[in-house]
């Protein structure tokens, strides 16, 4: 019996770091169980440090782009996961009543300091995101399929 993949949208403000990292991590862990997307309420392009940490972690950048949440209007998702407080407040409604989950991640792009300090902030976000996604996938894969 084949089942449809679990559709997940990660949403943040800029779609430059947190949601892109989440999308890359879940795509990497995916064995066909998930269809993964990310978007921003005010997208501003992928942050160069995001690219750097994903490359260091050997996570694929293929298909990743910063895009507006409006691109997904009318799409259905099983989960909409906001990864910043502002996006949680501005998250639009989606058809099909997806489960909404909020993960409050500090914006690594807001860190000031040396290149090493900025890179460390993005690396911390990647580590924390991997932990959350590990837990999320266990729960999501065990959940009964919606009818």
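Bear in mind these aren't lab numbers, they're just calculated from the coordinates by the rules spelled out. As the structure is a computational prediction, the values presented were derived from the model and not from experiment. With ideal geometry, Cβ positions are generated from the backbone for all residues, glycine too; neighbour counts draw on all protein chains shown.
Modelled spin-label separation between residue 61 and residue 42, with each label point placed 7 Å from Cα along the Cα-to-Cβ direction: 2.5 nm.
Descending by average beta-carbon neighbour count within 10 Å, the peptides 41-48, 4-11, 134-141 line up as 4-11, 41-48, 134-141, the highest first.
For residue 131 and residue 115 in one chain, what is 0.36 nm times their gap in residues minus the Cα-Cα distance, to one decimal in nm? Walk me through the intermediate numbers first.
On the way: separation 16, 0.36 × 16 = 5.76 nm, distance 2.46 nm.
Using 0.36 nm per residue and subtracting the Cα-Cα distance, I get 3.3 nm.
The gain in end-to-end length when the residue 28 to residue 102 segment is fully stretched comes to 24.5 nm, 0.36 nm per residue minus the alpha carbon separation.
Taking each DSSP H run with n ≥ 4 as -39500 (n - 2.57) and averaging over every residue of the chain yields -12000 deg cm²/dmol at 222 nm. Shape of the chain from the C-alpha gyration tensor: prolate (a/c of 1.5 or more and a/b above b/c, with a ≥ b ≥ c the square roots of its eigenvalues).
What's the center-to-center distance, using Cα atoms, between region 16-32 and region 65-113 in Å? Region 16-32 and region 65-113 have Cα centres separated by 13 Å. Stretching residue 142 away from residue 93 to a fully extended chain increases their span by 15.2 nm, per 0.36 nm per residue minus the current alpha-carbon distance.
The modelled label-to-label distance for the pair residue 70/residue 4, using points 7 Å beyond Cα in the direction of Cβ, is 2.6 nm.
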